[in-house]
Amino acid sequence: MKYMTIERVDRLFSRLGICTRKEVQNLICKHQIMLGDTPVSSVNTKVHPLEIIFHGQPLDHPGGIAVLFYKPHNVICTRLGDNTIFQFFPESFNIRRPLVNSAGRLDKDTTGALIVTDDGELTHKIISPKYRVPKIYEIELEEPLTGKEPDIFKRGTLKLPDEDKPCKPADFEITSENTGRLTLFEGRFHQVKKMFDLMNNNVLYLHRSMIGSLELGNLEPGQWRDLNDEDYRLLGI
């Protein structure tokens, strides 16, 4: 609840993407903004977001947005294009300030766990290698695994094409002849696919099953839910 502080009502409504600051005056004149049981009388009124009632309802996510999202196949993690993750969220998510974004990205053909938030600090902690938040991927490969992959990935000496710094040590568990579970503590562009390209193998299926110790649970592709205190504990941040 990063933004749960007292603020001017016009700034609050603008930040939440409800309307512009100028339009708040019109809502006030129509007695559509209530502070408890009392109509707000001025755009200068300082309020606590949890105490405001608008159109008979509490404000939507007044303290900021942080959700766990099950990214489906064939959607992208940007706002550009027709098939993006943001089509699965309310329109109000797209006009809030700060902007709502994914904490890191999954490739178009990769499915699984994604944190979507307007909290820049939370995003930084999830994606920065400094905080070592593990991301766990379930992988299916075109060719049988050789058995050498876990040791090679663990060394931290593997260099991706056109990169100077080697990948940080990663854990890889072979689960069958053609499948495995990879744990990364960083997130480079197309990293998993490039790692296996260097092993002369092609990734057929890639699914992020966990971030930290946080799993998708009962979520289905395209579904999301708000993070709770236990989720933050499982993220390890």
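What to note about this one:
- Residues (outside any strand (DSSP E or B) and not polar (S, T, N, Q)) located in the range 106-124: 106, 107, 108, 109, 118, 119, 120, 121, 122, 124
- The listed residue being assigned by TED's automatic domain parsing to the domain that holds residue 120 and under 26 Å from residue 73 (Cα atoms), out of 227, 145, 198, 204: 227
Let's see how each residue does on (1) surrounded by 13 or more Cβ atoms within 10 Å (Cβ to Cβ); (2) farther than 26 Å from residue 213 by Cβ; (3) of a type in the set (Gly, Ala, Ser); (4) out of contact with any Pro (no Cβ under 8 Å at 6 or more places or on another chain):
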{"residue": "157", "(1), (2), (3), (4)": "no, yes, no, no"}
{"residue": "161", "(1), (2), (3), (4)": "no, yes, no, yes"}
{"residue": "170", "(1), (2), (3), (4)": "yes, no, yes, yes"}
{"residue": "174", "(1), (2), (3), (4)": "yes, no, no, no"}
{"residue": "177", "(1), (2), (3), (4)": "no, yes, no, no"}
{"residue": "181", "(1), (2), (3), (4)": "yes, no, no, yes"}
{"residue": "185", "(1), (2), (3), (4)": "yes, no, no, no"}
{"residue": "188", "(1), (2), (3), (4)": "yes, no, no, yes"}
{"residue": "193", "(1), (2), (3), (4)": "yes, no, no, yes"}
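- Check on residue 177, among the charged types (D, E, K, R) and either assigned by TED's automatic domain parsing to the domain that holds residue 112 or touching a Ser or Thr at 6+ places or on another chain (Cβ under 7 Å) (or both): no
- Number of the exception - residue 222 against (1) of a type in the set (Gly, Ala, Ser); (2) loosely packed, with under 15 Cβ neighbours inside 10 Å; (3) not assigned by TED's automatic domain parsing to the domain that holds residue 83: (3)
- Looking across the range 103-155, just one residue is closer than 17 Å to residue 189 by Cα and exposed (fewer than 13 other Cβ atoms within 10 Å of the Cβ), and that is 129.
- Qualifying residue in the range 77-93 (condition: more than 10 Å from the chain's Cα centre (by Cα), aromatic (Phe, Trp, Tyr) and not in a helix (DSSP H, G or I)): yes
- Among the conditions (1) closer than 29 Å to residue 121 by Cα; (2) in contact with a Leu (Cβ under 6 Å, 6 or more places away or on another chain), the only one that residue 33 does not satisfy is (1).
- Sole exception among (1) at pLDDT below 95; (2) out of contact with any Phe, Trp or Tyr (no Cβ under 8 Å at 6 or more places or on another chain); (3) in a loop (DSSP other than H, G, I, E, B) for residue 63, by number: (2)
The values are calculated or read from the model by the stated rules, or taken from the named source; none is laboratory data. The structure displayed is predicted, hence computed values, not measured ones. Positions of Cβ are backbone-derived with ideal geometry, glycine not excepted, and every protein chain shown enters the neighbour counts.
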